[in-house]
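Notes to accompany the following structure.
The values are calculated or read from the model by the stated rules, or taken from the named source; none is laboratory data. If you're wondering where the values come from, they're calculated on a predicted model, not measured in any experiment. All Cβ positions, even for glycine, are placed from backbone atoms using ideal geometry, and neighbour counts span all protein chains on display. In case anyone asks, the SASA skips ligands and DNA or RNA and just uses the protein heavy atoms, side chains included. Shrake-Rupley method; radii C 1.70, N 1.55, O 1.52, S 1.80 Å.
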Amino acid sequence: MTDLLLIAGTALCALSVLMAAVAVARTEAPRSAAAMLVLGILLIFLGAFLSPDPFVVQDIPAAWRHLMAGTLSL
């Protein structure tokens, strides 16, 4: 479960950067990008909080490796 939250959080943060760039290029306010960034950060913190082990930054790449290897479990 914590791996899924970390993956979803990092994906939302990455997408928010792209959405902000598109919004600025269209001369619009990047409101939705800011909301996605906040939601992504909240998901990362929630994943770190729910983890039974102490959280380290290397947990995020490890979660992506579990996803790519197919060993991700709830």
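Structural remarks
- Selected residue (criterion: least open to solvent (accessible area, probe 1.4 Å)) from residues of the stretch 49-66 that are of a type in the set (A, V, I, L, M) and more than 16 Å from Leu12 (Cα to Cα): Ala62
- Residue under evaluation Arg26, criteria (1) out of contact with any Ser or Thr (no Cβ under 8 Å at 6 or more places or on another chain); (2) closer than 28 Å to Thr71 by Cβ, criterion not met: (2)
- Scanning the stretch 1-12 for residues that are assigned to a helix (DSSP H, G or I) and either crowded, with 18+ Cβ neighbours inside 10 Å or in contact with a Leu (Cβ under 6 Å, 6 or more places away or on another chain) (or both) yields Thr2, Asp3, Leu5, Leu6, Ile7, Ala8, Gly9, Thr10, Leu12.
- Taken over the stretch 16-44, the residue count meeting the criterion of being touching a residue at least 24 places away in the same chain (Cβ under 8 Å) and out of contact with any Leu (no Cβ under 8 Å at 6 or more places or on another chain) is 2.
- Among the candidates Leu5, Leu42, residue that is out of contact with any Ser or Thr (no Cβ under 6 Å at 6 or more places or on another chain) and modelled with pLDDT of 95 or more: Leu42
- Taking the stretch 49-64 as the range and being out of contact with any Asp or Glu (no Cβ under 7 Å at 6 or more places or on another chain) and closer than 26 Å to Ala20 by Cα as the test, the residues that pass are Val57, Ile60, Pro61, Trp64.
- Residue list for the stretch 46-61, restricted to those being in contact (Cβ under 8 Å) with a residue 12 or more places away in the chain and part of a helix (DSSP H, G or I): Leu46, Gly47, Ala48, Leu50, Asp59, Ile60
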